[in-house]
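Trainee: One structure is given below, represented as structure tokens, and several questions about it will come after.
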Amino acid sequence: MLEAFANLLAFWPLTYLALGVALGIVVGSIPGLTASMLIALSLPLTFYMSSVDAMTLLIGMYVGGISGGLIAATLLRMPGTPASIMTTFDGFPMAQQGKGERALALGIAASIIGGLISWVFLAVLSPPLANLALRFGPWEYFTMVLMALVMLASLSQGSLVKGLIAACLGMLLAMPGIDPSIGQLRLTFGWDKLTGGLALLPVLIGTFAISQILKDVIAIEQRLAEVKVMRRAVAIKARDLVTHGPNLLRSSVIGTWVGLLPGIGGNIAAMLAYATAKSVSREPEKFGKGSESGVVAAETANNASIGGALIPLITMGIPGSVVEAILIGALIIHNLQPGPLLFVTNPEIAYGVIASYLVANIFMAIMMLAAVGWISRLMYLPRAYLLTAILFFCVVGTFALNNRFFDVWVMLAFGVVGFALEYCKVPLGPFVIGFVLAPIAEEQLRAGMMASEGDFLALFGRPFAATFFVVSILTLCWPLYQEWRQRRRASAEVHT
Amino acid sequence: MEGPGREPLADILFAVAVLALAGIVWWGTASLPPPRYEPLGSAALPRTLAVVMALLGLVLLGRAWAGRRQAAPAAVGLGFRPRPWLAVGVLAVLVLYVAAMDLRLLGFVPASILALVLIGAMLTGFDRRRLPWLAGFVVLLVVAVQLLFTRVFYIDLP
């Protein structure tokens, strides 16, 4: 770990980290642009960096992107990222009451505290968890992927059926090409260009960047209200940390824990922490009307969820959310195998991620406090220029992947697919994570079946695999049970 | 007035697309040889996914069909005029731009400048006062990116 910090404190890694955090904050603060979009678009540029530098840049973007969402959520009631939705509930009313700077200062303080506490969990839990995961075999991995997909589909916003369809669709789209187990061509329909399958990067850029740009173009006439921020008024006071101490600690633990669970993102973490803060508050009636505790709970939890989500990512190679799925893509692009072996084969990456996460949080707090006034002005950049430039980077970045136009066409097609899915209220998270995890799931399932000579029930002979499988089934059945109970209650009310 | 809401209609179309895709996958895996050296084979997972998707598609179709007579939820005021046709236009220019380079009708620099100026102009509502600024921005952007990729990253652009 100390070596990772020593490596990080060199000129280039620190520069990449600072650049990543700054870009993340800017993109996170502009409504309509997201951290996923920025990270997906930056992947082609990381080809030319060392793996450590690339991960440092991307972790910086991730932390900056989630934290930057605070600004638009507070000043415009527009969550810069989905993770800041809960911040709008109290941040915006505070801004309307003339306490915008106070809301921003509390949000920044909450973000850094949440980040630091979740870093402790990340640093302490990751090595032993990776050691444990080293004992996992194919059944454990298969059931863990299954659990991640089912949890993601069940807990993502919208219907369970749509979430499951999205996960299956993502997995199916990862199938065309050469079957890696036996070298058999499948689902190429005689089209040579599909032999290598669909590359991850065009799918990511299309699904997240192009579809988002299409949505932004539709809303091009949306005007943002002008709000000015007095930078000097945005200051963290030690007294606030004491006053909100229990809330900061509780929301950090909630955020880390929720982030740890596969498939649940910062928005759910913020929602849970907000609900808990409200339920234990002496003034619950103030929530939603400009409560400081509301801002603190939401911002602490969404930042803490990043540290939590990085734990399954670096210890088991299981993404907790869309951004982690993209980070897994980045590891694969750099010929690294995400999972517990990362600590053995590439400790500089595994510990580098942990070290980068801590320093990124510190950079984020410094930059946000120093430049929040400037950053808030970036929200008003002319959309025509911004969207045109992003479209151009999408095309160039995708083409640069393999120097072929097939990838660019795939990106455009997935842009339309992503837009259509969102129009039909089908969550994109399970779709992309299904696409990323399908090869791992298939490989492990087939290895497990071979080892057990075709006996699927063999997984019940392995405690971890059986537990993951049972959790998957319960996660799948729980929403159905709740729906059945609600219907029964409704029909009972009608009869009485 | 009662009529099919946006959501049930979109769900019906989505479910039909899911069923069609499941059918295509099933048909596409029909010609794959049966497994020889391992229990599952290449077709097992795609077929299983196709079956699961078809079942889920039927559930979605059933629910959407049952809810098609429900009144559409009252439209919430967006505070701005949505421009779906502008998005279609931008996408069309993007497709033409990529096609022009793929078919080698135009090189990277002229194709990019033409397409980006057109897209930018569409997004600014063809505002004549902003057009020269936009053109300048696009030329700078395209030339800078071309130099970055060809001179720094050593990647040939089309």
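Trainee: Can you confirm whether segment A:354-363 contains a residue that is of a type in the set (Val, Ile, Thr), farther than 21 Å from A:MET1 by Cβ and either touching a strand residue (DSSP E or B) at 6+ places or on another chain (Cβ under 6 Å) or buried (at least 19 other Cβ atoms within 10 Å of the Cβ) (or both)?
Mentor: Looking for residues that are of a type in the set (Val, Ile, Thr), farther than 21 Å from A:MET1 by Cβ and either touching a strand residue (DSSP E or B) at 6+ places or on another chain (Cβ under 6 Å) or buried (at least 19 other Cβ atoms within 10 Å of the Cβ) (or both), one finds none in segment A:354-363, hence no.
Trainee: Shifting gears a bit: Would you mind stating whether A:THR188 is among the hydroxyl-bearing types (Ser, Thr, Tyr), in a loop (DSSP other than H, G, I, E, B) and modelled with pLDDT of 85 or more?
Mentor: So A:THR188 fits the description; yes.
Trainee: Between a residue in segment B:121-135 that is within 16 Å of A:ILE220 (Cβ to Cβ) and any residue that is among the polar types (S, T, N, Q), which pairs come within a Cβ distance under 9 Å, given they are 6 or more apart or on different chains?
Mentor: Partner pairs satisfying both residue conditions: B:LEU123/A:THR388; B:ARG130/B:THR124; B:LEU134/A:THR388; B:LEU134/B:THR124.
Trainee: I would also like to ask the following. Please go through segment A:386-415 and give me each residue that is crowded, with 19+ Cβ neighbours inside 10 Å and more than 30 Å from A:ASP192 (Cβ to Cβ), ordered by number.
Mentor: Scanning segment A:386-415 gives A:LEU387, A:THR388, A:ILE390.
Trainee: If you don't mind, there's one more thing I want to ask. So which residues in segment A:369-385 are surrounded by 19 or more Cβ atoms within 10 Å (Cβ to Cβ) and at pLDDT below 85, if there are any at all?
Mentor: A:VAL372, A:ILE375, A:SER376, A:MET379, A:ARG383
Trainee: Name every residue in segment A:216-239 that is at pLDDT 80 or above and buried (at least 16 other Cβ atoms within 10 Å of the Cβ), in order of residue number.
Mentor: A:ASP216, A:VAL217, A:ILE218, A:ALA219, A:ILE220
Trainee: Which of the residues spanning segment A:434-464 are closer than 25 Å to A:ASP179 by Cα, part of a helix (DSSP H, G or I) and of a type in the set (Gly, Ala, Ser)?
Mentor: A:GLY434, A:ALA438, A:ALA441, A:ALA447, A:GLY448, A:ALA451, A:ALA458, listed by residue number.
Trainee: Being over 29 Å from the mean Cα position of the chain (by Cα), of a type in the set (A, V, I, L, M) and more than 30 Å from B:ALA100 (Cβ to Cβ) narrows it down to one residue among A:LEU437, A:LEU445, A:LEU459; which is it?
Mentor: Sole residue among the options that is over 29 Å from the mean Cα position of the chain (by Cα), of a type in the set (A, V, I, L, M) and more than 30 Å from B:ALA100 (Cβ to Cβ): A:LEU459.
Trainee: Suppose the filter is at the interface with chain A (Cβ under 7 Å from one of its Cβ atoms) and farther than 20 Å from A:ARG404 by Cβ; does B:LEU91 pass it?
Mentor: Against the criterion (at the interface with chain A (Cβ under 7 Å from one of its Cβ atoms) and farther than 20 Å from A:ARG404 by Cβ), B:LEU91 qualifies.
Trainee: Is it the case that some residue within segment A:425-441 is over 29 Å from A:VAL395 (Cα atoms), of a type outside the set (Val, Ile, Thr) and modelled with pLDDT under 90?
Mentor: Yes, the conditions are met somewhere in segment A:425-441.
Trainee: If we keep just the residues of segment B:128-158 that are loosely packed, with under 13 Cβ neighbours inside 10 Å and in a helix (DSSP H, G or I), which is nearest to the other protein chains (Cβ to nearest Cβ)?
Mentor: Filtering first and then ranking leaves B:VAL152.
Trainee: Show me the helices (runs of 4 or more DSSP H) found entirely inside segment A:44-159 where at least 2 residues are without any contact (Cβ under 8 Å) to a residue 60 or more places away in the chain.
Mentor: Once the helices (runs of 4 or more DSSP H) in segment A:44-159 are filtered for at least 2 residues that are without any contact (Cβ under 8 Å) to a residue 60 or more places away in the chain, what remains is A:51-76, A:85-96, A:100-133.
Trainee: Assess whether B:THR48 counts as being in a helix (DSSP H, G or I) and touching a Lys or Arg at 6+ places or on another chain (Cβ under 6 Å).
Mentor: No: the conditions fail for B:THR48.
Trainee: Is there a residue in segment A:181-197 that is surrounded by fewer than 23 Cβ atoms within 10 Å (Cβ to Cβ), more than 10 Å from chain B (Cβ to nearest Cβ), touching a Gly at 6+ places or on another chain (Cβ under 9 Å) and in contact (Cβ under 8 Å) with a residue 40 or more places away in the chain?
Mentor: no
Trainee: Let me ask you something else. Let me spell it out: the conditions are (1) among the hydroxyl-bearing types (Ser, Thr, Tyr); (2) surrounded by fewer than 17 Cβ atoms within 10 Å (Cβ to Cβ); (3) touching a residue at least 12 places away in the same chain (Cβ under 8 Å); (4) part of a helix (DSSP H, G or I), and A:SER472 meets all of them except one. Which number is the exception?
Mentor: (2)
Trainee: Continuing with this model, one more query. When the residues of segment A:259-299 are filtered to those that are among the β-branched types (Val, Ile, Thr) and at pLDDT 80 or above, which remaining residue is surrounded by the fewest Cβ atoms within 10 Å (Cβ to Cβ)?
Mentor: A:VAL280
Trainee: Residue check, B:GLU38 against (1) more than 9 Å from chain A (Cβ to nearest Cβ); (2) under 17 Å from A:GLY454 (Cα atoms), all met but one. Which one?
Mentor: It is condition (1) that B:GLU38 fails.
Table: residues versus (1) more than 20 Å from B:ALA43 (Cβ to Cβ); (2) at pLDDT below 85.
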residue	(1), (2)
A:ARG446	no, no
A:LEU474	yes, no
A:ARG487	yes, yes
A:GLU493	yes, yes
A:THR496	yes, yes
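Trainee: Just to be sure before I move on: is B:ALA99 crowded, with 16+ Cβ neighbours inside 10 Å, of a type in the set (Gly, Ala, Ser) and either outside any helix (DSSP H, G or I) or more than 8 Å from chain A (Cβ to nearest Cβ) (or both) in the structure I sent?
Mentor: In short, no.
Trainee: Looking only at residues that are within 14 Å of chain B (Cβ to nearest Cβ) and not in a helix (DSSP H, G or I) in segment A:364-388, which one is farthest from the chain's Cα centre (by Cα)?
Mentor: A:PRO382
Trainee: Which count do you get for residues in segment A:435-462 that are over 20 Å from B:ARG36 (Cα atoms), more than 9 Å from chain B (Cβ to nearest Cβ) and touching a residue at least 24 places away in the same chain (Cβ under 8 Å)?
Mentor: Within segment A:435-462, residues that are over 20 Å from B:ARG36 (Cα atoms), more than 9 Å from chain B (Cβ to nearest Cβ) and touching a residue at least 24 places away in the same chain (Cβ under 8 Å) number 8.
Trainee: May I pose another question? Pairs under 6 Å by beta carbon, first residue without any contact (Cβ under 8 Å) to a residue 60 or more places away in the chain in segment A:337-354, partner buried (at least 20 other Cβ atoms within 10 Å of the Cβ), six or more apart or different chains?
Mentor: From residues that are without any contact (Cβ under 8 Å) to a residue 60 or more places away in the chain, the pairs are A:PRO338/A:GLY317; A:PRO338/A:ILE328; A:PRO338/A:LEU331.
Trainee: Would you mention how many residues in segment A:319-353 are of a type outside the set (A, V, I, L, M), out of contact with any Asp or Glu (no Cβ under 9 Å at 6 or more places or on another chain), part of a helix (DSSP H, G or I) and surrounded by fewer than 20 Cβ atoms within 10 Å (Cβ to Cβ)?
Mentor: Residues flagged as of a type outside the set (A, V, I, L, M), out of contact with any Asp or Glu (no Cβ under 9 Å at 6 or more places or on another chain), part of a helix (DSSP H, G or I) and surrounded by fewer than 20 Cβ atoms within 10 Å (Cβ to Cβ) within segment A:319-353 amount to 1.
Trainee: So, B:GLY125, is that one part of a helix (DSSP H, G or I) and more than 21 Å from A:ARG404 (Cβ to Cβ) or not?
Mentor: No; evaluated as a whole, the condition is false for this residue.
The values are calculated or read from the model by the stated rules, or taken from the named source; none is laboratory data. This is a predicted model, so every value here is computed, not measured. When we count neighbours, we look across all protein chains shown, and the Cβ atoms used for this are built from the backbone with ideal geometry, even at glycine.
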